[in-house]
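All of the numbers you see were taken from the coordinates with simple rules; none came from a lab. A quick note: this is a predicted structure, and the numbers were derived from the prediction, not measured. All Cβ positions, even for glycine, are placed from backbone atoms using ideal geometry, and neighbour counts span all protein chains on display.
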Amino acid sequence: MSLLLSPVDIAGLSLKNRVVMPPMCMYEVHQEDGLPTAFHKAHYGARAIAGVGLIIQEATAIEPDGRLTNKDLGIWTDAQGHSMSQMVADLHVLGAQVGIQLGHGGRKSIDAKDPIAPSAIAYSSDYKKPREMTQADIERIKEAFVAAARRADKAGYDMIELHGAHGYLINQFLEPQTNHRSDSYGGTLENRFRFLKEIIESIKAVFSKPIWVRLSVTAYDETGVQNTLEDYQQIGRWLEELGVACLDISTGGLMDVRPNIPIHGGYQAPFTAKMKESLNIPVTAVGLLNSPELAEYLLQNQQADLIQVGRGLIRNTNWLAEAAEMLRDHQFKVYNNSYQRGQVR
Ligand SMILES: Cc1cc2nc3c(=O)[nH]c(=O)nc-3n(C[C@H](O)[C@H](O)[C@H](O)COP(=O)(O)O)c2cc1C
């Protein structure tokens, strides 16, 4: 039996295998009301039927202006939470565990009327210049995260992932190039971490299931001062102390630059391994992990605890069944007998 397709307990989350569908925005909310549509139910349902252990719902905004675009999902109203609860219940019936990525785009919220950020610095000339957040804005956004977490709890999600990566609001607070604040939320690493820390402390009071954080552990930016990997290892240790269950290690997105490393299968995995070395909590790897052998290698060599397959699952819903065949894992069962018949070529 492969590790990839065998069950695991990740800090209180019982998963039937180690394949995770990472959050991927689908921009399919055509009514611009943040509500899941027939598309979302079918899209996630198909991956649940395909056997994905944990599905993390795409970045879901905690307030309207925190959406990346107006076609994103949102969980700033009870009606949105209620609609998601029906989708979550169906996904549970289909055998998947379901998480939700909560996020705020900050200066990268392209459709926001009044984009906010730690400092008034635009992402690029194509984006509006954001307004520097006041203390009142910080309190309001923290409360919006708490209200969203409460709704996520009521909707039955099995975990929450805070989107601290890809240059969105939390990432903007963490990094010195996007955070020039002179109050207690800017300056030292510890100060820049404060916003994320306070969000976690507040949502823990309303969400008792696992809380994960996604981090971009390099900004790939050689033109300015950026957090180092050692800084992120420190942030990881602080997150561990706060009771965060798992770290989802990604890279990039902070600045308008392309990665300055070759992009090949598993290109982000060395970052994951480095984060894992300095932590006691599990980590997930993501980024062109389409080869089941590579995924299995990372798990066997303890470079990651879970494997996320994003574009691979968009392209090929049958990814897990094919992985089982490739890894000669005879324990893996497709959804039902009819699906089994579909595997015969
Ligand atoms: C269409 C699309 C939408 C994405 N949306 C999100 C998102 O909502 N939140 C997030 O953290 N990452 C997002 N990502 C990044 C993916 O979660 C993942 O990290 C990335 O695609 C690399 O993994 P892969 O090579 O397996 O696709 C998105 C990626 C794609 C392709």
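Here are the numbers for this structure:
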| item | result |
| --- | --- |
| Within the range 8-342: Cβ-based charge dipole about Cα centre, in debye rounded to nearest 20 (Lys, Arg +1; Asp, Glu -1) | 460 |
| Greater than 30 Å apart at Cα, pairs in K128/K274; K129/K197; K71/K333; K154/K274 | K128/K274; K71/K333; K154/K274 |
| Values of log10 I(q)/I(0), in the order q = 0.13, 0.14, 0.21, 0.23 Å⁻¹, for the range 2-76 under a Debye, Cα-only, solvent-free model | -0.46, -0.53, -0.89, -0.96 |
| Cβ-derived FRET efficiency at R0 30 Å, D256 paired with I314, nearest 0.05 | 0.75 |
| Gain on full stretching of the segment that runs from Q343 to D221 - 0.36 nm per residue minus C-alpha separation | 39.4 nm |
| Whole-Å semi-axes of the ellipsoid equivalent to the range 1-130 (Cα gyration tensor, √5λ, descending) | 31, 17, 12 |
| Segment Q31-E139, extension gain: residue separation times 0.36 nm, minus the distance between their alpha carbons | 36.0 nm |
| Sites T69 and T188 - FRET efficiency at Förster radius 30 Å, r taken between beta-carbons, to 0.05 | 0.35 |
| Peptides ranked, highest mean first, by Cβ atoms within 10 Å: ranges 292-304, 170-182 | 170-182, 292-304 |
| Segment H264-L229, extension gain: residue separation times 0.36 nm, minus the distance between their alpha carbons | 10.6 nm |
| Residue order, fewest to most surrounding Cβ atoms within 10 angstrom, among V286, V334, V20, V344 | V344, V334, V286, V20 |
| Among Q97, A117, L289 - extreme Cα towards positive end, dipole of the range 8-342, charges at beta-carbon | Q97 |
| Cα-projected label distance for V8 with K41, points at 7 Å along beta-carbon direction, nm | 3.2 |
| Approximate spin-label separation E277-E132, in nm, with each point projected 7 Å along Cα-to-Cβ | 3.8 |
| Antiparallel bridges, percent of DSSP beta bridges restricted to the chain (to nearest 5) | 10 |
| The chain: calculated mean residue ellipticity at 222 nm from DSSP helix runs of at least 4, using -39500 (n - 2.57) | -10500 deg cm²/dmol |
| K209 versus Q300: modelled label distance in nm, points set 7 Å from Cα along the beta carbon direction | 3.3 |
| Charged-residue dipole, Cβ positions (Lys, Arg, Asp, Glu), the range 125-179 about Cα centre, Debye nearest 20 | 220 |
| Furthest towards positive pole of dipole, A148, L189, G53, structure part the chain, Cβ charges | G53 |
| Alpha carbon Rg of the chain, scaled by the compact-globule rule 2.2 N^0.38 Å | 0.95 |
| Net charge contributed by nearby residues that have their C-beta within less than 10 Å of G252 (K/R +1, D/E -1) | 0 |
| Positive-end residue of W212, I314, T272, charge dipole of the range 8-342 with Cβ unit charges | I314 |
